[in-house]
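The values are calculated or read from the model by the stated rules, or taken from the named source; none is laboratory data. Because the structure is a prediction, the values reported are computed rather than measured. Here the Cβ positions follow ideal geometry from the backbone for every residue, glycine too, while neighbour counts run over all protein chains shown.
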Amino acid sequence: MTWNIEAGIVGGAALVLGGFLTVMANHQETSRPEPVDHFVQSDYDVFDRDFKLGETDCAIGLASQKICMHRSPLEKELQLGQTLPAYMPALGAEFRIIVETALKSDNLRTVRYGQTLVLIDADTREVKDILRLDAPDFLAAQADTSQPKV
């Protein structure tokens, strides 16, 4: 008699666990965020500002990775919607930049020119978004994408 009760409890628990796992699997599929084609606040926030790297003053970079980012003359030429000219290399950034990589569209590549990050379409080289890291905050970093802040 006790065997039947214990088997019933185990069977009931297995059914509840199976139902829970099914609901969670469906919820996880529907709760994934849609990929984006622009930079987000966390992309800007990951960078350190005004720190020392040895004896060198660094305005922008990644202190933990000992990377100091310096200006580039190519930054002045970047414009939203343009196709990068052939003389501008579209090499991927040399370190992990995008904080939420899974949130970016698969066809986008992050490229760095000096103190500016650019999201480009990997196939067409079209500039989808520009993030000026020398701006005082995230809103200013995106406000004027045609010229870098001085």
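The residues on offer are Ala86, Ala93, and the sole one that is among the small types (Gly, Ala, Ser), at pLDDT below 90 and within 18 Å of the chain's Cα centre (by Cα) is Ala93.
Would you check if there is a residue in region 16-28 being within 22 Å of the chain's Cα centre (by Cα) and either at pLDDT 90 or above or exposed (fewer than 12 other Cβ atoms within 10 Å of the Cβ) (or both)? Yes: region 16-28 contains one or more residues that are within 22 Å of the chain's Cα centre (by Cα) and either at pLDDT 90 or above or exposed (fewer than 12 other Cβ atoms within 10 Å of the Cβ) (or both). Looking across region 96-114 at every residue that is touching a helix residue (DSSP H, G or I) at 6+ places or on another chain (Cβ under 7 Å) and modelled with pLDDT of 80 or more, the one that is farthest from Pro35 (Cα to Cα) is identified as Gly114. When residues in region 46-79 are screened for being without any contact (Cβ under 8 Å) to a residue 40 or more places away in the chain, in contact with an Asp or Glu (Cβ under 9 Å, 6 or more places away or on another chain) and of a type in the set (A, V, I, L, M), 3 of them pass.
Search region 50-66 for residues being in contact with a Cys (Cβ under 7 Å, 6 or more places away or on another chain) and within 17 Å of Gly114 (Cβ to Cβ), and hand back the single one that is modelled with the highest pLDDT. So, considering only residues that are in contact with a Cys (Cβ under 7 Å, 6 or more places away or on another chain) and within 17 Å of Gly114 (Cβ to Cβ), the one modelled with the highest pLDDT is Cys58.
Would you check which residues across region 103-143 are hydroxyl-bearing (Ser, Thr, Tyr) and either in contact (Cβ under 8 Å) with a residue 24 or more places away in the chain or not assigned by TED's automatic domain parsing to the domain that holds Leu91 (or both) and list them? Within region 103-143, Ser105, Tyr113, Thr116, Thr124 qualify.
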